[in-house]
Amino acid sequence: MLRCLAIVALFVATQSTALLAQTSPEYGDDVYKPSMGQAGKDVIWIPTPEALITALLTAAKVTDKDIVYDLGAGDGRIPIVAAKQFGARAVGIEYDADMAELARRNARRAGVEQKVRIITGDIFKESFADATVVTMYLLPDLNLKLRPLILKMPPGTRVASHAFNMGDWEPDQLLSVDARDGYLWYVPADVEGTWAFKEDGWNTEGTLTIVQRYQRVGGTVTIGGKTQPVLGPALRGDKLTFAYNDGDGVLRAAHVVVNGREFKGTLSGRGPGNITITGMRR
Ligand SMILES: C[S@@+](CC[C@H](N)C(=O)[O-])C[C@H]1O[C@@H](n2cnc3c(N)ncnc32)[C@H](O)[C@@H]1O
């Protein structure tokens, strides 16, 4: 009971006064009418407004190539928007069986039943491993419970959350729509450690040593026995950018894609065009 009250209080504290005034809109259909704030397994039901859904999925650059999973899908509105507006395949996981049935009916009514699948189940038991985009409107502690699983997903998987963050994993993008917060993250590749790299065609070899905390990266580059701080390193998903001064003091900017123990990409600064840079984790 205490937890239930705390959850309601936390939600209320994060909602705009506009939402709180919104006690009367009717949800559902002739078969089932959920009420705003009704109990759920781990969190109550409050729907995300469509404007924020569209903004989050736009920020996540959802396309028809994506598989979007909404964790705690409620009446199915996020998977439905993902399918209808963005052409994605979408899956909703919803514990409440009546709500899950309503979501299926809503998907049918929206004409996207071929693209939307609703699983009646628990987000902590059902797999969402094939998601390329994960959405959620849960609670801070539930986000943190999901975080280790999410961080093991393929680099570049996008994660969008309404209202709640992921603790010390900073978002890559913050949104605000009608005074509601949205957060977007890209699952970062694991790049920590030492990499031997080579500028193809130039016989330049070096070592890149990276320290990493989520998408935040720093480190050093060593060429010809001289070590310097790596300049402007940035990581988004599997895309790593970094720069360094070569032995002649010329700035080289690398844009590489990390694939497990290897990276490959282009290096600017050698003559008119880019050349290839490859790296291997030691
Ligand atoms: C705040 S609502 C969000 C609904 C929808 N995602 C949206 O943004 O409109 C959270 C939903 O999660 C569901 N839920 C709570 N705990 C769950 C769990 N462990 N597994 C699956 N669904 C859950 C609730 O029944 C509720 O429908």
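The values are calculated or read from the model by the stated rules, or taken from the named source; none is laboratory data. This one's a predicted model, so the numbers in the text were calculated from it and none came from an experiment. Neighbour counts run over all protein chains shown; Cβ positions are idealised from the backbone, glycine included. Side chains included, ligands, DNA and RNA excluded: accessible areas come from the protein's heavy atoms. Shrake-Rupley method; radii C 1.70, N 1.55, O 1.52, S 1.80 Å.
Below are the figures for this structure:
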item: Of all residues in the stretch 92-113 being in contact (Cβ under 8 Å) with a residue 40 or more places away in the chain and open to solvent by less than 10 Å² (accessible area, probe 1.4 Å), the one that is nearest to the ligand (Cβ to nearest atom); result: M99
item: Candidates V62, V81, V68 - the one that is part of a strand (DSSP E or B) and either at positive phi or not acidic (D, E) (or both); result: V68
item: Selection count where residues are of a type in the set (V, I, T) and either in contact (Cβ under 8 Å) with a residue 60 or more places away in the chain or near the ligand (Cβ under 8 Å from one of its atoms) (or both), scope the stretch 114-128; result: 1
item: Residues that are open to solvent by less than 10 Å² (accessible area, probe 1.4 Å) and either small (G, A, S) or more than 6 Å from the ligand (Cβ to nearest atom) (or both), drawn from the stretch 70-80; result: L71, A73, G74, G76, P79
item: Complete set of residues in the stretch 268-282 that are at pLDDT below 95, assigned to a strand (DSSP E or B) and not β-branched (V, I, T); result: S268
item: Residue match in the stretch 90-104 (condition: under 25 Å from D172 (Cβ atoms), out of contact with any Pro (no Cβ under 7 Å at 6 or more places or on another chain) and among the aliphatic types (A, V, I, L, M)); result: yes
item: Count - residues of the stretch 250-265 that are open to solvent by 30 Å² or more (accessible area, probe 1.4 Å) and at pLDDT 95 or above; result: 7
item: Verdict on R236 being in contact (Cβ under 8 Å) with a residue 60 or more places away in the chain, open to solvent by 30 Å² or more (accessible area, probe 1.4 Å), of a type outside the set (A, V, I, L, M, F, W, C) and closer than 29 Å to D168 by Cβ; result: yes
item: Check on G167, of a type outside the set (V, I, T) and over 24 Å from A51 (Cβ atoms); result: yes
item: Close pairs (8 angstrom Cβ cut-off, 6 or more residues apart or separate chains): closer than 20 Å to R180 by Cα and open to solvent by 10 Å² or more (accessible area, probe 1.4 Å) in the stretch 44-69, assigned to a loop (DSSP other than H, G, I, E, B) and more than 13 Å from the ligand (Cβ to nearest atom) anywhere; result: P49/D178; A51/D178
item: Leading residue by the ranking (nearest to D64 (Cα to Cα)) among those in the stretch 143-163 that are open to solvent by less than 10 Å² (accessible area, probe 1.4 Å) and not in a strand (DSSP E or B); result: T157
item: Qualifying residue in the stretch 90-101 (condition: assigned to a loop (DSSP other than H, G, I, E, B) and either touching a Leu at 6+ places or on another chain (Cβ under 9 Å) or of a type outside the set (S, T, N, Q) (or both)); result: yes
item: Near pairs, Cβ below 6 angstrom, 6+ apart or cross-chain, from the stretch 78-91 (closer than 15 Å to R109 by Cα) to any residue that is surrounded by fewer than 20 Cβ atoms within 10 Å (Cβ to Cβ) and at pLDDT 95 or above; result: I80/A110; K84/A110
item: Single residue of G247, G219 found to be part of a loop (DSSP other than H, G, I, E, B), more than 30 Å from L138 (Cβ to Cβ), of a type outside the set (K, R) and open to solvent by 20 Å² or more (accessible area, probe 1.4 Å); result: G247
item: Positions within the stretch 176-210 being in a loop (DSSP other than H, G, I, E, B), open to solvent by 10 Å² or more (accessible area, probe 1.4 Å) and under 30 Å from L56 (Cβ atoms), in sequence order; result: D178, A179, P188, D190, E192
